[in-house]
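One structure is given below, encoded as structure tokens.
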Amino acid sequence: MSTVIENHHDHHHGPASGLMRWVTTTNHKDIGTLYLWFSFAMFLIGGAMAMVIRAELFQPGMQIVQPEFYNQMLTLHGLIMVFGAVMPAFVGLANWLVPMMIGAPDMALPRLNNLSFWLLPFAFGILLSSLFMEGGAPNFGWTFYAPLSTTYAPPSVTFFIFSVHIMGASSIMGSINVIVTIMNMRAPGMDLMKMPLFVWSWLITAYLLIAVMPVLAGAVTMMLMDIHFGTSFFNAAGGGDPVLFQHIFWFFGHPEVYIMILPAFGITSHIIETFARKRLFGYSSMVWAMLSIAILSFVVWAHHMFTVGMPLAAELFFMWATMLIAVPTGVKVFNWVATMFRGSITYETPMLFAIAFVVLFTIGGFSGLMLAITPADFQYHDTYFVVAHFHYVLVPGSVFSIMAAVYYWIPKWTGNMYDERLSRLHFWLSFVGVNVTFFPQHWIGLAGMPRRYPDYALQFADWNMVSTAGAFLFGASQILFLFIVLKTVVGGKKATSQVWEGAKGLEWSVASPAPYHTFSTPPKVD
Amino acid sequence: MNKSAKKTLQLLSIGVFCMFFFSFALVPLYDVFCEITGLNGKISQSKENTSYETETGRDLTVQFVSHNNEQMPWKFNPSEKVMEVTTGKYHNATFYVKNTTDKPMTAQAVPSVAPSNAAEYLKKLECFCFEQQFLSPGEEALLPVRFIFDDSLPSTINNVALSYTIFDITDRVDPEMNHLSMGTR
């Protein structure tokens, strides 16, 4: 009798068997896993491209690749890391965690969820296939400024445009799904101001995505029309304006960089709270800080283009608006520090990554403030100082927070504890690697080394060599990360439901590994 | 899916479409903004004579600069590189242009003013940049500009550069239109 019931249960509620499970799945946990693995694959591909870049820059002069190929590596590295690694990783985490954190059985639109994942492999397949096309892959940098990306672009630019359209559609669908889920499927009793901060951070991120991804789609559509249909949006000969491209791009681009950091704020808040064994300091100020950052992100875009020749009033406005962002960001950093203050802290790997996030992201924030000073920016613009700045906020910022999240929640996903000794080794190698790679870039940038060149003047040779050594250390230690994750998936010490002593929240109330279906009946939240 | 979820979904989808069209709306908005404020060295393209001559003008220097875009093979030079002018008075300048190729070609000149805050005080009664230029092989021409600086030009500006970039737009012009290209803009 019981066997029959068991079978019946499996047939309707368990995962399907075989590979088709992953193609046809509408389960938020399956789709979260797909997103995370996809993002990891892209992280390794984009990382390999970074290794090509750093290897070429090991010494001055041209050694390994041709300048044309170097430009293609630079462009694809940027595009893949932004759209292929960081964004899908956060969407994957949202898929896994948002329904479990708000006590919902699944995402609100499960079939849309499946579609928005399965668009991604095609988008990036198209983008990567351009490497093998005549004229090579896109070579105009991830910011694809027109007319470099229109009049002077290789023929593969059309494939690039198409792939940006597809990945844009994917993120728009993903964020619609997140908002509909959060707004309509919270467990009874969970008001907005009781939501876990990761859910808050994703709600805000999803609204940002909905506001700006269509603008990116518009920008690439205009490029497509300029290239193939004889329009002149960005062509001065026909009355268009190349500077307009920069305005439209950065109107998308600045909110985009917050899209890549807001979920990290949510993750860090959870982890610090757990391992400090204290309630998070200033929950509501955290929410308001994220909202202010999101709103300000729409009025600061022109700080990316101070040198195009704007009037003084505009430069002052964008300078002050940019500096204003430091206020809510400072609130967040102080709240994290205040949460740790007098906590009984233990330093498990997620906590190590989270603390490194707070320290190193703040360094990236400070160099951002330096860049916000308009007169100084004329000196720093397009130097390695900018490269150091955005890598500090993206690698030990977004990427460290993703790694922290993986270590923090992987016992819940797999039911196994990761190897604490190996993961600490991974942390320290990454921490040293990332700083050795990017810190010297501040100095060579201030000394005047321009970005995006495959060669450089002799006086920059020493620090470039150091930077390359750090990059290879960081790159190699990610192979260790892959090994640790695989080892945890295969086996390991069994995790309890709560996993961490200080962990709070609905996702820790279900078994580890989380059953295929959770919260079929909503939990009660008080 | 319940009713309220459906409503959220509809609102968000409308939001996505609105933002897509907003990105295209940015194009005219940007042009209007630049023309009103004179930012980016954009000069009002209207031929309206809004400035009347006055007797109270002051002197300033105008430099003329010409550029050829990309592979534009024409000869294109200002007849005079520098001109001493007075605000509140009409002045004429000319640019020499010659089609050096053996094909009929059409060109469009795009103006720009530096410093950009001088742009709103510069009015052009007549300018070759208002029109497309069609030249037969080997043909040459003198292209006129008739302009006036408003008296209210800020006193800090004593030197204005008026620059024209000439573009080959032969491929973009309807072949039939080549013969009557004057005044298509």
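Based on this model, can you work out whether residue B:25 counts as at the interface with chain A (Cβ under 10 Å from one of its Cβ atoms), in a helix (DSSP H, G or I), in contact with a helix residue (DSSP H, G or I) (Cβ under 6 Å, 6 or more places away or on another chain) and at pLDDT 80 or above? No: the conditions fail for residue B:25. Being assigned to a helix (DSSP H, G or I) and surrounded by fewer than 23 Cβ atoms within 10 Å (Cβ to Cβ) is a property that residue A:127 lacks. Only one of the numbered conditions (1) part of a helix (DSSP H, G or I); (2) surrounded by 19 or more Cβ atoms within 10 Å (Cβ to Cβ) is violated by residue A:465, and that is (2). Exactly one residue out of A:218, A:230, A:239 is at the interface with chain B (Cβ under 10 Å from one of its Cβ atoms), surrounded by fewer than 22 Cβ atoms within 10 Å (Cβ to Cβ), among the small types (Gly, Ala, Ser) and under 19 Å from residue A:157 (Cα atoms), and it is A:230. The set of residues in region B:109-143 that are over 22 Å from residue B:80 (Cβ atoms), touching a helix residue (DSSP H, G or I) at 6+ places or on another chain (Cβ under 6 Å) and part of a strand (DSSP E or B) contains only B:134. Please work out if residue A:499 is within 30 Å of residue A:44 (Cβ to Cβ) and part of a helix (DSSP H, G or I). For residue A:499, the condition - within 30 Å of residue A:44 (Cβ to Cβ) and part of a helix (DSSP H, G or I) - is not met.
Of the residues making up region A:207-245, just one is of a type in the set (S, T, N, Q) and at pLDDT 95 or above, namely A:221. With the condition kept exactly as written, say whether any residue in region B:155-168 is within 13 Å of another protein chain (Cβ to nearest Cβ), in a loop (DSSP other than H, G, I, E, B) and more than 18 Å from the chain's Cα centre (by Cα). Checking region B:155-168: at least one residue is within 13 Å of another protein chain (Cβ to nearest Cβ), in a loop (DSSP other than H, G, I, E, B) and more than 18 Å from the chain's Cα centre (by Cα). Does at least one position in region A:243-258 carry a residue that is outside the structural domain of residue A:408 (by TED's automatic domain parsing) and either part of a loop (DSSP other than H, G, I, E, B) or of a type in the set (D, E, K, R) (or both)? Yes: one or more hits. What residue, among those in region A:304-324 that are surrounded by 19 or more Cβ atoms within 10 Å (Cβ to Cβ) and among the aromatic types (Phe, Trp, Tyr), is nearest to residue A:255 (Cα to Cα)? Ranking the candidates gives A:318 first.
Of the helices (runs of 4 or more DSSP H) lying entirely inside region A:269-381, those containing at least 3 residues that are under 25 Å from the mean Cα position of the chain (by Cα) span A:283-296, A:312-324, A:326-340, A:349-372. The residues of region B:37-59 that are modelled with pLDDT of 70 or more and either acidic (Asp, Glu) or not assigned by TED's automatic domain parsing to the domain that holds residue B:131 (or both), listed by number, are B:53, B:55, B:59. Would you confirm, using the coordinates I've provided, whether residue A:146 is within 14 Å of chain B (Cβ to nearest Cβ), under 19 Å from the mean Cα position of the chain (by Cα) and farther than 19 Å from residue A:267 by Cβ? No. The listed residues are A:172, A:166, and the only one of them that is touching a Leu at 6+ places or on another chain (Cβ under 7 Å), surrounded by 22 or more Cβ atoms within 10 Å (Cβ to Cβ), touching a residue at least 12 places away in the same chain (Cβ under 8 Å) and assigned to a helix (DSSP H, G or I) turns out to be A:172.
For region A:176-190, does any single residue satisfy the condition of being free of Cβ contacts under 8 Å to residues at least 60 places away in the same chain, within 14 Å of another protein chain (Cβ to nearest Cβ) and either touching a strand residue (DSSP E or B) at 6+ places or on another chain (Cβ under 8 Å) or outside any loop (DSSP other than H, G, I, E, B) (or both)?
yes
Residues in region A:285-303: is at least one surrounded by 15 or more Cβ atoms within 10 Å (Cβ to Cβ), within 14 Å of chain B (Cβ to nearest Cβ), of a type in the set (A, V, I, L, M, F, W, C) and over 20 Å from residue A:203 (Cβ atoms)? Scanning region A:285-303, I find at least one residue that is surrounded by 15 or more Cβ atoms within 10 Å (Cβ to Cβ), within 14 Å of chain B (Cβ to nearest Cβ), of a type in the set (A, V, I, L, M, F, W, C) and over 20 Å from residue A:203 (Cβ atoms), so the answer is yes. If the condition is being over 19 Å from residue A:286 (Cβ atoms) and assigned to a helix (DSSP H, G or I), then region A:382-394 contributes A:384, A:385, A:386, A:387, A:388, A:389, A:390, A:391, A:392, A:394. Could you tell me whether any residue of region B:76-83 is modelled with pLDDT of 80 or more, under 22 Å from residue A:236 (Cα atoms) and under 14 Å from the mean Cα position of the chain (by Cα)? No.
The values are calculated or read from the model by the stated rules, or taken from the named source; none is laboratory data. Because the structure is predicted, anything quoted here is derived from the model rather than measured. Methodologically, a virtual Cβ is constructed for each residue, glycine included, from the backbone with ideal geometry; neighbour enumeration extends over all protein chains shown.
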